[in-house]
Each structure stands twice: as structure tokens, then as C-alpha cells.
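Notes for the one structure printed next.
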Amino acid sequence: MAAKTYLPDLIMSSTSRRTTETVELVIERLPGKQHIEYTDRLYLAGARDILATIRSVQKSVSRLLIVGHNPGMEQLATQLSRQPVKRKERDRFDQIEEKFPTCALAVLDFAVARWRDVALGQGELVDFVRPRDL
């Protein structure tokens, strides 16, 4: 994440042991102090609840990292992604549909001014990184 400058302004994570351990490992590798919110709203949350959590984020946050659980994370990543425009985007989308493994990272970009305006099918799938790709 640091090498590709995927640096979140805010990390929102499930309160589970596994996700909190993941967050601790991630922040060790990121520069600067990280702002983290652990919330029960993300514990085993489905796509709808994760989206509601995203939409509740303050406008001042530009880059958000959600650390949660499957199948909700995988479902939401595919639901938020627009129809792929470029071949690389199509390849990334296909990889997510094939499998969204533990510790994978889907990077989506939205042309919105506020998180509450994030909508299904509107995110550009900028990157998808699986542990085996590293």
C-alpha cells in the first residue's frame, strides 16, 4: 500500500481479533500516524451494512480503508465497481469474481464529493492486490 501510495486518511475496521491484527500489521508499514476506528458495525457485515458504514464517513476523509469480512467485502467490491472500461479493469474485476482472498485489497475511486453519495456501479476499480501477487 505504501509503495503504491494507497495511504488512507481513515481506517475503519471490524472489531474481530483477525481484523484488528490485520490493521496492526498494515499500520506498521504505512508512514505517519494512522487514524483508526474499530466498529461492531463491520463485524461479519454484509454488503449493505458495509456500504452504510462507508456512507456515514465525514466529507473531510478523502481516502478510506475498510477492513472487514467475506462474503460482504467481496460482494460490495463487485457491486460498487462500474462496468469495466479498460482491459486491466476487466482483468481486476474477473479476479475479484474468481476469489477475494483473505488480506486482498480492492482499490476503488469514486467521482463524488461526499461519501454519502457513493453508489453501486459507480466505482472505478483502480487496483486489486492479492497476497499471492506480492
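Things worth noting here:
- Qualifying positions in the range 31-43 - surrounded by 11 or more Cβ atoms within 10 Å (Cβ to Cβ) and at pLDDT 95 or above: HIS35, ILE36, GLU37, TYR38, THR39, ARG41, LEU42, TYR43
- Residue in the range 93-134 that is farthest from ALA52 (Cα to Cα), counting only those that are over 13 Å from the mean Cα position of the chain (by Cα) and polar (S, T, N, Q): GLN95
- The number of residues in the range 29-54 that are of a type outside the set (A, V, I, L, M), outside any loop (DSSP other than H, G, I, E, B) and over 13 Å from the mean Cα position of the chain (by Cα) comes to 8.
- Every condition in (1) in a helix (DSSP H, G or I); (2) more than 19 Å from ASP127 (Cα to Cα) holds for VAL26 except the one numbered (2).
- Residue match in the range 67-80 (condition: modelled with pLDDT of 95 or more and loosely packed, with under 12 Cβ neighbours inside 10 Å): yes
- Condition check for VAL85: farther than 25 Å from THR39 by Cα and either part of a strand (DSSP E or B) or touching a Pro at 6+ places or on another chain (Cβ under 7 Å) (or both): no
- For the criterion of being assigned to a helix (DSSP H, G or I) and of a type in the set (S, T, N, Q), THR78 passes.
- Qualifying positions in the range 85-104 - surrounded by fewer than 18 Cβ atoms within 10 Å (Cβ to Cβ) and within 21 Å of TYR6 (Cα to Cα): LYS86, LYS88, ARG90, ASP91, PRO101, THR102, CYS103
The values are calculated or read from the model by the stated rules, or taken from the named source; none is laboratory data. Keep in mind it's a predicted model, so treat the numbers as computed, not measured. Don't worry about glycine lacking a Cβ; one is built from the backbone with ideal geometry, like all the others, and counts go over all protein chains shown.
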